[in-house]
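First the structure, in the form of structure tokens, and then the observations on it.
The values are calculated or read from the model by the stated rules, or taken from the named source; none is laboratory data. In this text the structure is predicted, and so the values were computed from the model without any measurement. Please note: Cβ atoms are built from the backbone with ideal geometry, for glycine as well, and neighbour counts cover all protein chains shown. Quick note on the areas: whole protein, heavy atoms, side chains included, nothing else; ligands and nucleic acids left out. Shrake-Rupley method; radii C 1.70, N 1.55, O 1.52, S 1.80 Å.
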Amino acid sequence: PIFDSFHFAIFDKPSGIIVHPSSYQLNVYTLLDEIKYHFGEKGSLVHRIDAETSGLVLVAKNAFSDMVLKSMFEEKLYTKKYKALVDGEIKEELIINTPITNDTGLIKLKMKTDSNGKESTTIIKPIFYDQKNNQTLVETIPLTGRQHQIRVHLDSIGHKIVGDSLYGVDENFADKFLKNKISKEDRINVTKATRLMLQADFLEFEFLDVIYKFSSKQKL
């Protein structure tokens with residue numbers, strides 16, 4: 001953990017570390033295993049980020065903080081910001097208000113934008129445009145907490161995240177990637193990176209009348 005107190009801790013997770021065991025990747029050491037190693041069985045995840053997303057994860061260390069902090073997330077009493085590197089140029093701030101629901105294609109893990117889905121809002125702010133590679137570094141602020149929300153919303157407007165092997169790619173490629181059947185070279189050729197270029201970069205919340213602010217120490 002990069003921060004450790006009596007009630008909670010903050011981990012700055014590298015890309016590629018699974019937060020919680022999944023049906024796709026069994027018998028793999030996860031962040032939850034690391035939490036149990038440090039804090040015992042009372043340690044718990046307050047929220048999750050994707051395995052390929054790097055950055056900040058909040059962890060409760062006892063039953064009281066688990067209840068309070070999870071309630072805080074359910075009521076959206078926090079500020080969470082991400083950084084992402086995306087295809088193409090984004091020139092100005094965008095607000096994406098597009099509902100999200102489960103995809104019905106080959107990949108059951110995927111989500112999609114759909115008018116019948118759940119309300120979803122993401123703010124996108126451009127930071128820097130790399131003209132040579134035609135890529136934009138952006139700050140993204142999800143105001144709702146749908147699965148894969150940032151990835152889905154950016155892909156829906158034609159600015160998929162660099163390195164994304166699930167969205168904006170052929171479903172057969174995505175299926176092979178989830179089954180660990182894609183080589184590093186093939187991934188770079190298709191997605192332009194060896195990892196998902198998305199990071200949980202900033203987290204702010206109030207706990208027991210104290211305001212806490214954390215920033216990731218990693219570079220995207």
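Helices (runs of 4 or more DSSP H) fully within the stretch 90-192 that include at least 1 residues being touching a residue at least 24 places away in the same chain (Cβ under 8 Å) and loosely packed, with under 14 Cβ neighbours inside 10 Å: 171-178.
Scanning the stretch 29-65 for residues that are without any contact (Cβ under 8 Å) to a residue 12 or more places away in the chain and over 27 Å from residue 163 (Cα atoms) yields a count of 4.
Consider the stretch 201-213 and keep the residues that are in contact with an Asp or Glu (Cβ under 9 Å, 6 or more places away or on another chain) and surrounded by 13 or more Cβ atoms within 10 Å (Cβ to Cβ). The one that is farthest from residue 150 (Cα to Cα) is 212. Of the residues contained in the stretch 19-39, one or more are found to be part of a loop (DSSP other than H, G, I, E, B), in contact with a Lys or Arg (Cβ under 8 Å, 6 or more places away or on another chain), open to solvent by 60 Å² or more (accessible area, probe 1.4 Å) and at pLDDT below 95. Taking into account only those residues within the stretch 43-66 that are in a helix (DSSP H, G or I) and touching a strand residue (DSSP E or B) at 6+ places or on another chain (Cβ under 8 Å), which is least open to solvent (accessible area, probe 1.4 Å)? By that ranking, first place goes to 65.
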